[in-house]
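Participant: Here you go, one structure.
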Amino acid sequence: MKMRKLWTTLAAALLLIAFMSPVSAQEDEVQDITKETIVGPGSIEVKTGKDVLMSFGATARLIPTAESNWDFGLSDNTDSFLLGGLNKDFFRTHGNESGWVKDNYIRTEAKLHFNALPKDRKWSFYAALEYDRPLDTATVDSRGGMTNDDSNFGLERLHVSYALPSKTRFHAGWDVWHLDAMEGAGLVYGDDNPGFWLTRDSDKLDINVGFFKLSDNDIGSAPNFLSDDGDNDRTVYAGYLAWKPDKINKVKVLYAFDRIRDVPANDLLNYLAGAPFGIAGGIPDTDSHHAGILYTGTSGGFSWMGEAVYQFGQAKDVGLQYDDYDINAYALAADFSYDFKEQAGFQVKPHLGIMYTSGDDDPSDDELGGYEGVTNAQRFANAWGGENTIIGDTNMVLGSLIYGYLPELYGNGTPVFTGGVQNYTGFGGGRGDNPGMTLYSAGITIAPKKFLIFRTNVNVFNWNEDFEIYNLVNPLKGPSPVSSGYVGTEWDNEVTFATSKNSFIKGQASAFFPGDGIEEATEALGAKSDDTATRLAMEFIINF
C-alpha cells in the first residue's frame, strides 16, 4: 500500500512538472504520417481529404525451420519421463510466440498495421492485427487455430495517445514498452503488456512512466472462474529518466516495481506431476523492485553500453522453510564495439561483451540471491540477442524460457517466483534461487553492400552457483547436485539479403556446443547426454 501511494505521488509530481513547464512553441502540422514516430509501422499513405491522416502497412514472415538435438540428445537415452507419464520428446519441445514446436516446422508471422493521426498531433491511433502460428493445412484452414472453433488472427497491438502541454503525451493500450530490452542487456523489462504510460520528451531529458497489468484476477469467462480474493493480480509500475548531455551519450536511470500476488512457489517437477513430487509452497505476496542505470554512448567508431541493476524486495507467506524471504540480487552488463567503416569503406563492426547475474549461494537461509528481471529479455539485446538463438527460444535443459537466457527453471530448493515473463507463470520458472549466469559475448557484423549483411556471434555461458535438479525420468530418485561452471557455447550466424527496401531473405545457422554443465544437468534429469543442438532456418520477409 505504501509503495502504491509513493507511486501515485511520483506520478502526480511528474504531471505537475509537465504542466508547469513552459509550453513549447506551436509544432508544425503533420505532412507525412508515414514518417511520424508516435504511430506504428506502415508506409502506405491513405488519402482521406480530411484533417485526419491515415496509413496502412503489413509485415509477412515465413520461417521454415529445422532443429536437431534441442535437448542435447536427452530423448535418445530414455524411453520416457515421469515413469512413463511424459513423452520422451518433452525436452525437445519449446515454446515460442507461435506455440509449442519441435524439430521441423514452418512458422508464419503476418501483421496488418493501421494508423490515424490528425495534422495537429492532438491524438494518435495505431492497431495491428496478427496471425502467428506454425503451418499445416489444419492451422491455415481454421484461420490460425488448431481447431475450427478458434482463430489466432487477432488484435496484437493497440496504442492510442493524447497530446498534453509541454511535449507530454498520455498513452494507453498494449504495445512494445521497455526499459532496457534493446539498447541495454535486457535485464529488467520489455514486453507488450496492457497499460497506461506518460511520456515527456525534450532535448536533454526524456521521461517515461507506466502502469501495466500483467494479470488480473477480477476478470474471467464466467462468474465462478473469478477469484474470491481482491487485488491478487500481477501489476508492474515502471519508468525511466533519460538524460542526454549531447547527441552521442545517454544516461538512463530506471526503476520497476513488480507486485506479484498470483504466482505459486513451485518447481517444474511439481508443475508437471503435482504433489507429492517436486517442491511446492503457497502463493506468496511478493514485492520485487529493480533500480538501475544504463549508459550508452559513441565516440568516433567506438560504441559502448554499460548497465547495472539491483533487485530487492520481499516475498511473504511463501510456505516453504521460512514464511518470508528477502530478495537481494543484482546484475551487471557491458558491451564495446568499433566500426571500421572509415578504414574498410563499409561496415565491419566487431564487439565484445559480458553479462553477470547473481545466483543464490545458500539454500538454507531466508534470502533469494538469484537475479530475475520483471521479464528476462536478453534475446532482444542489440549486443548479443537474436530471434535465431537456441537459448532464447525456450530451452528447458538450459533452464531458459522464451526471450531470456537466465537459468530461471533451476535453483537450490526455494522456487519463489521473483520475476519472469507472464505467459509462463506457474511453470516453475522465474526462481529467485536460480544459480545466476555469466555470459561472454564476441561477434562481428559485416555489411559490404547496402543489401547484404552478415552477422556472427559467439556466446559463452557459465552458471555461477551450485544447484540441484530433480530426476524427471524417475522422480522417486529425488534431486542431484549440479556444479557451477562452464555450461556451453552458442554460435549464431545470420545473413540478410535485401531484394528491395521492403523485401528481405535471411539465412540462419545456430549451434550450441555443450559443456560440463549440460552433461551434469542431463545426468541429473535422468539420462546423461552431450550432443550439439542445432537450428537452421530461412526467413522470407515482406515489410511495408
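Participant: Tell me which residues, restricted to region 251-281, are over 30 Å from PRO479 (Cα atoms), touching a residue at least 60 places away in the same chain (Cβ under 8 Å) and surrounded by fewer than 22 Cβ atoms within 10 Å (Cβ to Cβ).
Facilitator: LYS252, PHE257, ARG259
Participant: Another one. Can you name the residue in region 386-401 that is closer than 18 Å to ASP191 by Cα and of a type outside the set (A, V, I, L, M) and is also surrounded by the fewest Cβ atoms within 10 Å (Cβ to Cβ) among such residues?
Facilitator: GLU387
Participant: Taking only pairs six or more apart or across chains, which ones have beta-carbon atoms under 7 Å, a first residue in region 199-223 that is at negative phi and in a loop (DSSP other than H, G, I, E, B), and a second residue that is surrounded by fewer than 19 Cβ atoms within 10 Å (Cβ to Cβ) and modelled with pLDDT of 95 or more?
Facilitator: If the second residue must be surrounded by fewer than 19 Cβ atoms within 10 Å (Cβ to Cβ) and modelled with pLDDT of 95 or more, the pairs left are LYS204/TRP243; LYS204/LYS244.
Participant: Say whether the condition of being closer than 22 Å to SER400 by Cα and of a type outside the set (S, T, N, Q) is met by at least one residue in region 32-45.
Facilitator: No, region 32-45 contains no residue that is closer than 22 Å to SER400 by Cα and of a type outside the set (S, T, N, Q).
Per-residue answers, yes or no, for (1) of a type in the set (Lys, Arg); (2) crowded, with 21+ Cβ neighbours inside 10 Å; (3) closer than 14 Å to GLY373 by Cα; (4) within 21 Å of the chain's Cα centre (by Cα):
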residue: GLY411; (1), (2), (3), (4): no, yes, no, yes
residue: THR414; (1), (2), (3), (4): no, yes, no, no
residue: GLY420; (1), (2), (3), (4): no, yes, yes, yes
residue: MET437; (1), (2), (3), (4): no, yes, yes, yes
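Participant: Would you check which residues across region 308-356 are in a loop (DSSP other than H, G, I, E, B) and without any contact (Cβ under 8 Å) to a residue 60 or more places away in the chain and list them?
Facilitator: Correct list: ASP317, GLY319, TYR322, ASP323, ASP324, ASP339, PHE340, GLY345.
Participant: When you scan region 174-189, how many residues do you find that are more than 19 Å from LEU155 (Cα to Cα) and either out of contact with any Lys or Arg (no Cβ under 9 Å at 6 or more places or on another chain) or surrounded by 21 or more Cβ atoms within 10 Å (Cβ to Cβ) (or both)?
Facilitator: Total meeting the criteria: 11.
Participant: Could you tell me how many of the residues in region 281-293 are farther than 16 Å from VAL188 by Cβ, in contact with an Asp or Glu (Cβ under 8 Å, 6 or more places away or on another chain) and of a type in the set (Gly, Ala, Ser)?
Facilitator: Looking only at that region, the number is 1.
Participant: Given the conditions (1) touching a helix residue (DSSP H, G or I) at 6+ places or on another chain (Cβ under 8 Å); (2) in contact (Cβ under 8 Å) with a residue 60 or more places away in the chain, and given that SER400 satisfies all but one, which numbered condition is not satisfied?
Facilitator: With (1) touching a helix residue (DSSP H, G or I) at 6+ places or on another chain (Cβ under 8 Å); (2) in contact (Cβ under 8 Å) with a residue 60 or more places away in the chain applied to SER400, the lone miss is (2).
Participant: Please give the number of the condition GLY359 fails out of (1) touching a Gly at 6+ places or on another chain (Cβ under 6 Å); (2) assigned to a strand (DSSP E or B).
Facilitator: The single condition GLY359 does not satisfy is (2).
Participant: Here is a follow-up. Can you name every residue in region 347-385 that is under 16 Å from ASN457 (Cα atoms) and surrounded by 24 or more Cβ atoms within 10 Å (Cβ to Cβ)?
Facilitator: Matches in region 347-385: MET355, GLN378, ALA381, ALA383, TRP384.
The values are calculated or read from the model by the stated rules, or taken from the named source; none is laboratory data. No experiment lies behind these values; they were computed from the predicted model shown. Every residue, glycine as well, gets a Cβ built from its backbone with ideal geometry; the counts of neighbours run over all protein chains shown.
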